[in-house]
Amino acid sequence: MTRETRGTLHLEDARVIKQTAYDGEQFVLRLSASACAAHAQPGSFVHLTCEPSIPMRRPLSIMRADPGQGWIEVLYKIVGSGLRALAARKPGDTVSLIGPIGKPFTVHSERPRPVLIGGGVGIPPMVFLADRLRHQTGSPAGRYKPLVLMGSEIPFPFRTRPSAIVVAGMPVATIACMPLLDEWGIASRLATRSGFPGCYEGFVTELADEWLASLGPAELAEVELFACGPTPMLAATAALARRHGVPCQVSLEEFMACAVGGCAGCTVLVRTPEGNAMKRVCVDGPVFDALTVF
């Protein structure tokens, strides 16, 4: 059952297609949700019921969406009883879902070298954005050339392998990638402080800083940063943008109750041309210009 609420926001009884478990109590959940899949954009999220006996919904970023087949995927890590209950849902179960919610990322044709930075459960929007970018044309170079950088202190929610794509300016020993992105022809590199093979030893923002420092002025003029992850990582990404003189969009992570703008429980301070204002992450965001927030 699907019921449209307002705009492109839909309430659906989404059917569980499959759950895939990864190390670190991480799961990729695929749901049959045709209305949400038809309208989802990179950066938007869903608010779903983990289990009928738990009334509070959980906001989860959309990692992939297939409008043709009518499914979406979300990545989550078990934190608390709600997501533990969600991890127990089996194929064929029904999950109540509201979505897609929120303001998505906006790409600009004059910046054909987007750098997508994801940390932990901030990885999903970067995968979704990379998927959309590989299908877009119209940039000065004829096609966007994204670079995806991911960081995690626990095992990544996929099986890493050495990348077949050479990235100029990348530290020599940094070769591990997300296989799906390699198959799409999109360069990716991984960072960790946990010693995983082939990964950059340090924060993902430190890896981004090293790579950006290898670019000349003309190359930097084509770069825009996009990021999602923990607040300290987003603040560091905003600092990178200032230091290298490039624009930056961030998707904020905040606790949410209603997720549709009614409770104002997820407000953040944002600088606007008219002065400081309190904005709701759920509907005014979750994507903001990084330099207006940090």
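Per the conditions (1) surrounded by 15 or more Cβ atoms within 10 Å (Cβ to Cβ); (2) of a type outside the set (Lys, Arg); (3) in contact with a His (Cβ under 8 Å, 6 or more places away or on another chain), the sole criterion not satisfied by ALA213 is (1). Just to be sure before I move on: is ARG193 in the same structural domain as CYS228 (by TED's automatic domain parsing), charged (D, E, K, R) and modelled with pLDDT of 95 or more in the structure I sent? Spelling it out, ARG193 is indeed in the same structural domain as CYS228 (by TED's automatic domain parsing), charged (D, E, K, R) and modelled with pLDDT of 95 or more. Just so you know, in the stretch 73-96 the residues that are of a type in the set (Val, Ile, Thr) and touching a Phe, Trp or Tyr at 6+ places or on another chain (Cβ under 9 Å) include one that is modelled with the lowest pLDDT, and it is ILE78. Residues considered: VAL246, VAL287. Of these, the only one that is within 20 Å of the chain's Cα centre (by Cα) and in the same structural domain as GLU219 (by TED's automatic domain parsing) is VAL246. Of the listed requirements (1) touching a His at 6+ places or on another chain (Cβ under 8 Å); (2) at pLDDT below 95, SER53 misses just one: (1). Residues that are within 12 Å of LEU31 (Cβ to Cβ), assigned to a loop (DSSP other than H, G, I, E, B) and in contact (Cβ under 8 Å) with a residue 60 or more places away in the chain within the stretch 49-97 comprise ARG89, PRO91, GLY92, ASP93, listed in sequence order. The selection criterion, being surrounded by 18 or more Cβ atoms within 10 Å (Cβ to Cβ), in a loop (DSSP other than H, G, I, E, B), on the phi < 0 side of the Ramachandran plot and not assigned by TED's automatic domain parsing to the domain that holds LYS77, holds for THR174. Select, from PRO162, PRO146, PRO124, the only residue that is touching a strand residue (DSSP E or B) at 6+ places or on another chain (Cβ under 6 Å) and either free of Cβ contacts under 8 Å to residues at least 60 places away in the same chain or outside the structural domain of PRO197 (by TED's automatic domain parsing) (or both). PRO146 is the lone residue from the list that is touching a strand residue (DSSP E or B) at 6+ places or on another chain (Cβ under 6 Å) and either free of Cβ contacts under 8 Å to residues at least 60 places away in the same chain or outside the structural domain of PRO197 (by TED's automatic domain parsing) (or both).
So that you can scan it fast, the table gives a plain yes or no per residue for (1) surrounded by fewer than 18 Cβ atoms within 10 Å (Cβ to Cβ); (2) in contact (Cβ under 8 Å) with a residue 60 or more places away in the chain; (3) of a type in the set (Gly, Ala, Ser):
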position: PRO247; (1), (2), (3): yes, yes, no
position: VAL250; (1), (2), (3): no, no, no
position: ALA259; (1), (2), (3): no, yes, yes
position: GLY262; (1), (2), (3): yes, no, yes
position: THR267; (1), (2), (3): yes, no, no
position: GLY275; (1), (2), (3): yes, no, yes
position: ARG280; (1), (2), (3): no, no, no
position: LEU291; (1), (2), (3): yes, no, no
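Is it true that PHE128 is at pLDDT 95 or above and either part of a loop (DSSP other than H, G, I, E, B) or closer than 28 Å to SER53 by Cα (or both)? Judged against the criteria, PHE128 is not a match.
Considered as a group, the residues in the stretch 98-108 that are of a type in the set (A, V, I, L, M, F, W, C) and assigned to a strand (DSSP E or B) include one that is nearest to the chain's Cα centre (by Cα), and that residue is ILE101. Within the stretch 108-126, the only residue that satisfies the criterion of being surrounded by fewer than 21 Cβ atoms within 10 Å (Cβ to Cβ) and within 25 Å of CYS36 (Cα to Cα) is HIS108.
Can you tell me which residues in the stretch 168-205 are of a type in the set (Asp, Glu) and more than 20 Å from VAL127 (Cα to Cα)? Scanning the stretch 168-205 gives a single hit, GLU201.
The values are calculated or read from the model by the stated rules, or taken from the named source; none is laboratory data. Because the structure is a prediction, the values reported are computed rather than measured. So basically every Cβ, Gly included, is an ideal-geometry build from the backbone, and we count neighbours across all protein chains shown.
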